[in-house]
Amino acid sequence: MTLRPFHQASWNEPILLELSSPGERGLIVPEVEDELRAAVGDPLAGLPPELRRTEPPALPELSQPQVLRHFLRLSQETFGNDVDIHLGLGTCTMKYSPKVNEELVRSANVADLHPLQDDETVQGMLEVLYRFERMLCEISGMSRFTFQPAGGSQAVYANARMMRAYHEARGEGHRDEIVTTIFSHPCDGAGPATAGYKVITVYAGDMGYPEPDAIKAALSDRTAGLMITNPEDTGLFNPHIDEIVTLVHDAGGLCHYDQANANGILGVTRARDAGFDLCQFNLHKTFSSPHASMGLPCGAAGVTDELAPYLPSPTVEFDGSRYSLDYDRPQSVGKIRAFHGVPSAVVRSFAWVLSLGAEGLRQVAETAVLNNNYLAQKLSDVRGLEVSFANENPSHRLEQIRYSLAKLQEETGVGTLDVARRTADFGVASYFPSHEPWIVPEPVTLEPSESYSRADLDTYAEIMGEISREAYEEPETVLNAPHRSTIHQMDPAPHDDPERWALTWRAYLRKSEAGAPTASVDLE
Amino acid sequence: MSDAAVHPYIPNSVPRIRQEMLDAIGVESVEELYGAIPERLRVPGSLDLPEPLRSEYALRRHVEGVLGRNENCAETLNFLGAGCWQHYVPAVCDEIANRGEFLTAYYGETYGDHGKLQALFEFASMLGELVELEAVSMPTYDWASAASTAICMAARITGRSAALVPGSAGAERSSLIAGYCEPWVELATIPFDPATGLLDLDRVREAVGSETACVYVEMPSYLGTIETQVAELAALAHDAGALFVVGVDPTSLGILDAPPRYGADIVCGELQPLGIHMHYGGGLAGFVASPDEERFVSEYPTFLIGLGPTVVEGEYGFGEVVWERTSYVQRGDSKEYTGTTQFLWAIAAGAYLALVGPQGLAELGQGIVERSHYAAQRLGELPGVRAPALEGAFFKEFVVDLGETGRTVEEVNGALRARGIFGGKDLSSEYPQLGQSALYSVTEVHTKADIDRLTDELAEVLR
């Protein structure tokens, strides 16, 4: 047993509003010059009185050090990829976000740019956008990219909108169905559904991926397109992917490749080479821009020449000496997100690719696949843990694997949510079980990107082995976990109960005064 | 096996370690691990990418060199707003948003990410105080996506499929809302009076009906005006059985009343002004808030974070409220997708609200109003310049009409740029009915001297 003793920070920090000390101030806003004030008087004196705020909002009143200390305590109670071995978040491609890239985007030349500045004043930013677009075209084989979608889901949605515009322009607006697969990311169904499509979901065959025949059966003259992840969340690469693309094309549909987690295939295989018409990369996943607590994302959406006219406006163009934004795009789907999306994510990813080059990107992919298979090898000793579809499909997985703890659950009564909670006691983020529905029972999805060392992988395997031992020998330890985390076990039931859920402090106060959720819960 | 050199971002790029790992797996090469990818799908040779800048110094030098071609608003006097505004970002907000733990965490996890979830819950709680509502969503992509979602929610809540939206919401926000709502809600635009900026009540009266899910208005409008008829608009919506949805700039809420006080059922808006740099538009993040009633809460597509008890008395925990609602579960049956949006900015906005407090927020709003009116007054003194061009009350933005100067906004802005000033957003193609007009944004970052300088330079330009 070489696992280190661990306890996460546990400050029992009150809710910020509880800390309020009337009269304290955390910030003095810029003061108005007397002369200016005298010149204008009270400009809103004529406003109907009912529009003026008479009762100040009940914001906390705190001095600056109190605010800072509160938030730094909360940060200490947060695992991030900077802090722990974060490989448990399969499908998320957690990886190192280089600090130098953070310094680049904090400069006034990124942070303090207004999105409507004249093109002449943002030549540096436009150059980054233009050059990174060329890089992604090379990496994917596509012809053009937009960085406007502010997230992977929004990029999938944008591509669904482009599919619709394409079909409508060809007089085929009757095509109102999208085909996706059950192990593809949920947004591959949700994005097109939001755009008004009916979505058909194809299940995996015996090999753990959808077979061409199953896709074919879902196609018709109403098919607008296919939206698919490959490898899907199982980590199994579908070797029939180009046949599937051809089937969809033959039915008159377009094909979108969800490349949120492209980490295992950079420089190995490309979307366009398999025939795809559209794709998306999540810059906050594969391309190292930080995940930012579910924030600051960019879904880079790529298309072929044929679909380029439908890209959101504006695109970035270069005439050999000057970069410009082109809004004159009559067939464009228009705007998908305000202004230019999240360009700071593009700056970071641009710097990341520049630091690696072609060889380095290939090394990222190879290391991600090597790490994943090495971790699988180490985990093969963990009792009760199995690789999904391992018996049916012996192929090596690429960058991630969906495991199953069904055997552990059956033999010990300890399920995957119990194990996930327990991992927090060992100083690693609770792993991601699976997207819904849980086709693989008691799922565990691990994605050890290139950022983790062999020692990290050994440690993670050791943690899983120790929890498995506990499940067989002292299941209560796992069932009652966590024990060394910031907080103790929580009853999730109130979150589904309108009488007890609390989305804000004011709701919590009202409901607890009514006697709802204040008492501690007994989970037994 | 690639024989590229060891890279500092990749621990297992050391050849010896790689070999040992391959041995442990029991394969000869990484190539064997790629066996599932058919040869016909392989990239032949190497990608054509720039040579790597392997040293951090070389990388920094290069990228800083490229970005150095920008002119930024920290050095240039800026009056652009129009949906993204230059406000002062307190150092503490940057310190908190830059913390590695928050910056590199991901999805909500009750135990390991407790602190992050608490910060997000506190953001929602403080925003709830600002708008006096008990249910607040996690961030949407921007104000437009918040408004789109609020309108779609209203349609689902009421079971109706039409909505009225203001003609004064700006071309970009209007087109974003229209594109998003198109499969679900039929939108009709409420015209505004080009003399005052106020919405046309008669047209609302004509248009609301039994199919109207909501009337959506903005406070202040994209054109900066304060809609003084909100009580009448709310009554028209409610009399038709529709909801009243209000989009707000939260920096106005220290001096303007919480929208539910004048009838709002759902409030949405933009977080960027609350302690977030503009980031060339990347600083935007939207929010949606409503009463804490099941019929509202169950229609949110966004993440919702709730506070609840643990097994230890008095200890708080956090988790996802009604997770089954979300597109992560509904997949192809979703009405609206969700995903990774702009959560870090919610943490920053929460820190901002905690720092500024109730008194600071009131002073902020009052100071903005005084400065913007001073700017309008000064610009209005110039021959041929009409400012404010709309007669109604305004908050931090106002329309400047240059028509009588005989110059276009484009010409004037080009001349101002040469003098180190970013003039207001050109409205001439967006709102042709306003002629050669520009939308000027004045906030707490502008001193009297800045405004006087703008006035003097503009006078020179127009001479």
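The values are calculated or read from the model by the stated rules, or taken from the named source; none is laboratory data. Bear in mind the structure is a predicted one, so any value in this text is a computation, not a measurement. Don't worry about glycine lacking a Cβ; one is built from the backbone with ideal geometry, like all the others, and counts go over all protein chains shown.
Being more than 26 Å from the chain's Cα centre (by Cα) and either β-branched (Val, Ile, Thr) or more than 26 Å from B:Ser168 (Cα to Cα) (or both) is the filter here; which residues of region B:418-449 pass it? Write out each step before concluding.
Narrowing region B:418-449 to residues more than 26 Å from the chain's Cα centre (by Cα): B:418-420, B:433, B:435-436, B:448-449.
Passing the criteria: B:Ala418, B:Arg419, B:Gly420, B:Lys448, B:Ala449.
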Residue check for A:Val444: of a type in the set (A, V, I, L, M) and either assigned to a helix (DSSP H, G or I) or farther than 21 Å from A:Gly205 by Cα (or both):
no
Odd one out for A:Thr201 among (1) surrounded by fewer than 23 Cβ atoms within 10 Å (Cβ to Cβ); (2) of a type in the set (Ser, Thr, Tyr); (3) within 30 Å of A:Ser321 (Cβ to Cβ)
(3)
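Select, from A:Arg37, A:Arg69, A:Arg53, the only residue that is surrounded by fewer than 17 Cβ atoms within 10 Å (Cβ to Cβ), among the basic types (Lys, Arg) and either modelled with pLDDT of 95 or more or outside the structural domain of A:Gly299 (by TED's automatic domain parsing) (or both). So that I can check it myself, show each step before the final result.
Numbers: A:Arg37 fails: surrounded by fewer than 17 Cβ atoms within 10 Å (Cβ to Cβ); A:Arg53 fails: surrounded by fewer than 17 Cβ atoms within 10 Å (Cβ to Cβ).
Result: A:Arg69 is the single residue among A:Arg37, A:Arg69, A:Arg53 that is surrounded by fewer than 17 Cβ atoms within 10 Å (Cβ to Cβ), among the basic types (Lys, Arg) and either modelled with pLDDT of 95 or more or outside the structural domain of A:Gly299 (by TED's automatic domain parsing) (or both).
Kindly indicate which of B:Tyr316, B:Tyr337 is free of Cβ contacts under 8 Å to residues at least 60 places away in the same chain and under 27 Å from A:Pro433 (Cα atoms). Before you say what the answer is, go through the steps one by one.
On the way: B:Tyr316 fails: free of Cβ contacts under 8 Å to residues at least 60 places away in the same chain.
Step by step, each of B:Tyr316, B:Tyr337 is checked, and only B:Tyr337 is free of Cβ contacts under 8 Å to residues at least 60 places away in the same chain and under 27 Å from A:Pro433 (Cα atoms).
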Considering only residues that are surrounded by fewer than 24 Cβ atoms within 10 Å (Cβ to Cβ) and either more than 7 Å from every other protein chain (Cβ to nearest Cβ) or charged (D, E, K, R) (or both), which ones fall in region A:362-384?
A:Arg362, A:Ala376, A:Lys378, A:Leu379, A:Ser380, A:Asp381, A:Val382, A:Arg383, A:Gly384
Scanning region B:28-53 residue by residue, the ones that are more than 7 Å from chain A (Cβ to nearest Cβ), part of a loop (DSSP other than H, G, I, E, B) and within 18 Å of A:Glu450 (Cβ to Cβ) total 1
Hey, can you tell me all the residues within region B:372-407 that are within 8 Å of chain A (Cβ to nearest Cβ), crowded, with 19+ Cβ neighbours inside 10 Å and touching a helix residue (DSSP H, G or I) at 6+ places or on another chain (Cβ under 7 Å)?
B:His373, B:Tyr374
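Can you pull out the residues in region A:74-91 that are assigned to a helix (DSSP H, G or I) and surrounded by fewer than 19 Cβ atoms within 10 Å (Cβ to Cβ)? Let's see the steps before the verdict.
First, pick out the residues of region A:74-91 that are assigned to a helix (DSSP H, G or I): A:74-76.
Once the filter is applied, which keeps residues that are assigned to a helix (DSSP H, G or I) and surrounded by fewer than 19 Cβ atoms within 10 Å (Cβ to Cβ), region A:74-91 yields only A:Gln76.
Looking for whichever is without any contact (Cβ under 8 Å) to a residue 60 or more places away in the chain, surrounded by fewer than 21 Cβ atoms within 10 Å (Cβ to Cβ) and under 18 Å from B:Val30 (Cβ atoms) here; the options are A:Glu359, A:Glu410. Which one fits? Break it down into steps so the answer makes sense when it comes.
Values: A:Glu410 fails: under 18 Å from B:Val30 (Cβ atoms).
Checking each option against the conditions leaves just A:Glu359.
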Restricting attention to region B:187-231, report how many residues are assigned to a loop (DSSP other than H, G, I, E, B) and without any contact (Cβ under 8 Å) to a residue 24 or more places away in the chain.
2
Quick one: is B:Gly357 facing chain A (nearest Cβ under 10 Å) and in a helix (DSSP H, G or I)?
yes
Determine if region A:375-383 includes at least one residue that is closer than 23 Å to A:Glu232 by Cβ, polar (S, T, N, Q) and assigned to a loop (DSSP other than H, G, I, E, B).
yes
If you take the residues in region A:309-363 that are more than 30 Å from A:Leu398 (Cβ to Cβ) and aliphatic (A, V, I, L, M), which one is nearest to the chain's Cα centre (by Cα)?
A:Ala338
Which residues, counting only those in region B:284-315, are within 24 Å of B:Pro90 (Cα to Cα) and at the interface with another protein chain (Cβ under 8 Å from one of its Cβ atoms)?
B:Leu284, B:Ala285
Test set (1) surrounded by fewer than 20 Cβ atoms within 10 Å (Cβ to Cβ); (2) more than 26 Å from B:Gly314 (Cβ to Cβ); (3) without any contact (Cβ under 8 Å) to a residue 24 or more places away in the chain - A:Pro433 fails condition number
(1)
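Does B:Glu270 satisfy being crowded, with 24+ Cβ neighbours inside 10 Å, in contact (Cβ under 8 Å) with a residue 40 or more places away in the chain and among the charged types (D, E, K, R)?
Working: crowded, with 24+ Cβ neighbours inside 10 Å: yes; in contact (Cβ under 8 Å) with a residue 40 or more places away in the chain: yes; among the charged types (D, E, K, R): yes.
In short, yes.
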Please verify whether region A:247-255 includes one or more residues that are closer than 30 Å to B:Gly286 by Cα and more than 12 Å from chain B (Cβ to nearest Cβ).
no
What about A:Ala455, is it free of Cβ contacts under 8 Å to residues at least 12 places away in the same chain and within 25 Å of B:Ile17 (Cβ to Cβ)?
yes
Kindly indicate the residue of region A:92-119 that is surrounded by 22 or more Cβ atoms within 10 Å (Cβ to Cβ) and more than 7 Å from chain B (Cβ to nearest Cβ) and also nearest to B:Asn72 (Cα to Cα) among those meeting that condition.
A:Val105
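Could you please let me know if A:Pro309 is in the same structural domain as A:Pro149 (by TED's automatic domain parsing) and part of a loop (DSSP other than H, G, I, E, B)? Give the derivation first.
Numbers: in the same structural domain as A:Pro149 (by TED's automatic domain parsing): yes; part of a loop (DSSP other than H, G, I, E, B): no.
Here the answer is no, as A:Pro309 does not meet what is asked.
Considering only residues of region A:7-18 that are facing another protein chain (nearest Cβ under 9 Å) and touching a residue at least 40 places away in the same chain (Cβ under 8 Å), which is farthest from A:Thr423 (Cα to Cα)?
First pass over region A:7-18, keeping only residues facing another protein chain (nearest Cβ under 9 Å): A:8-17.
Now drop any that are not touching a residue at least 40 places away in the same chain (Cβ under 8 Å), which leaves A:8-11, A:13, A:15-17.
On the way: A:Gln8: 12, A:Ala9: 15, A:Ser10: 16, A:Trp11: 20, A:Glu13: 23, A:Ile15: 26, A:Leu16: 28, A:Leu17: 31 Å.
For region A:7-18, the residue satisfying everything is A:Leu17.
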So which residues in region A:169-224 are over 23 Å from B:Ser334 (Cβ atoms) and touching a Lys or Arg at 6+ places or on another chain (Cβ under 8 Å)?
A:Asp221
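Would it be correct to say that A:Glu306 is under 21 Å from B:Tyr280 (Cβ atoms), more than 10 Å from chain B (Cβ to nearest Cβ) and acidic (Asp, Glu)?
Answer is no for this residue.
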Test result for B:Ala82, in contact with a Leu (Cβ under 8 Å, 6 or more places away or on another chain), among the aliphatic types (A, V, I, L, M) and assigned by TED's automatic domain parsing to the domain that holds B:Lys396
yes
Taking helices (runs of 4 or more DSSP H) that do not extend beyond region A:103-170, which have at least 2 residues that are modelled with pLDDT under 95 and assigned by TED's automatic domain parsing to the domain that holds A:Ala195?
none
